[in-house]
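Step one of this worksheet: look at the structure below.
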């Protein structure tokens, strides 16, 4: 099973971060522009939290709050579960399953270097299976 670094190397995504002082509306707007479902909140260059579409649905929409009048700091998940580049894909799946979360910030040297989603894990696993099948087919036919 691969490691988190393998997923980040294949993603080639830029990490998008915001400060805690922006409004929920602006965060959702940025997430829509970047086609991402979660955004990292940083304060003084360090991880302060994570804000996801799920947070928006549960903490803004269902509670009747105004996204233009609410700051992301009020709703973000503080101290989110994190992983490192050397954690395994199995480690990520275990955390996501047990904690019912879909995104994990990746921390290296006290800095956020990426985000792994459940979709990233599924894509990685499918690609890994495809390579194994191709290898076995080549082995059998030779």
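List of remarks:
- Elements of type strands (runs of 3 or more DSSP E) in the range 14-114, at least 2 residues being farther than 30 Å from residue 1 by Cα and in contact (Cβ under 8 Å) with a residue 12 or more places away in the chain: 38-43
- Of the criteria (1) under 21 Å from residue 92 (Cα atoms); (2) surrounded by fewer than 18 Cβ atoms within 10 Å (Cβ to Cβ); (3) at pLDDT 95 or above, which one residue 47 fails: (2)
- When 99, 130 are checked against the criterion of being modelled with pLDDT under 90 and surrounded by 10 or more Cβ atoms within 10 Å (Cβ to Cβ), a single residue qualifies: 130.
- Residue match in the range 26-34 (condition: touching a helix residue (DSSP H, G or I) at 6+ places or on another chain (Cβ under 9 Å), more than 30 Å from residue 132 (Cβ to Cβ), surrounded by fewer than 17 Cβ atoms within 10 Å (Cβ to Cβ) and modelled with pLDDT of 95 or more): yes
- Taking the numbered list (1) over 15 Å from residue 117 (Cβ atoms); (2) surrounded by 15 or more Cβ atoms within 10 Å (Cβ to Cβ); (3) touching a residue at least 60 places away in the same chain (Cβ under 8 Å) in turn, residue 6 passes all entries but (1).
- Criterion: farther than 19 Å from residue 125 by Cα, at pLDDT below 95 and out of contact with any helix residue (DSSP H, G or I) (no Cβ under 9 Å at 6 or more places or on another chain) - qualifying residue of 57, 69: 57
The values are calculated or read from the model by the stated rules, or taken from the named source; none is laboratory data. What you see is a predicted model, and the numbers here were worked out from it, not measured in a lab. No Cβ is skipped: glycine too gets one built from the backbone with ideal geometry, and neighbour counts run over all protein chains shown.
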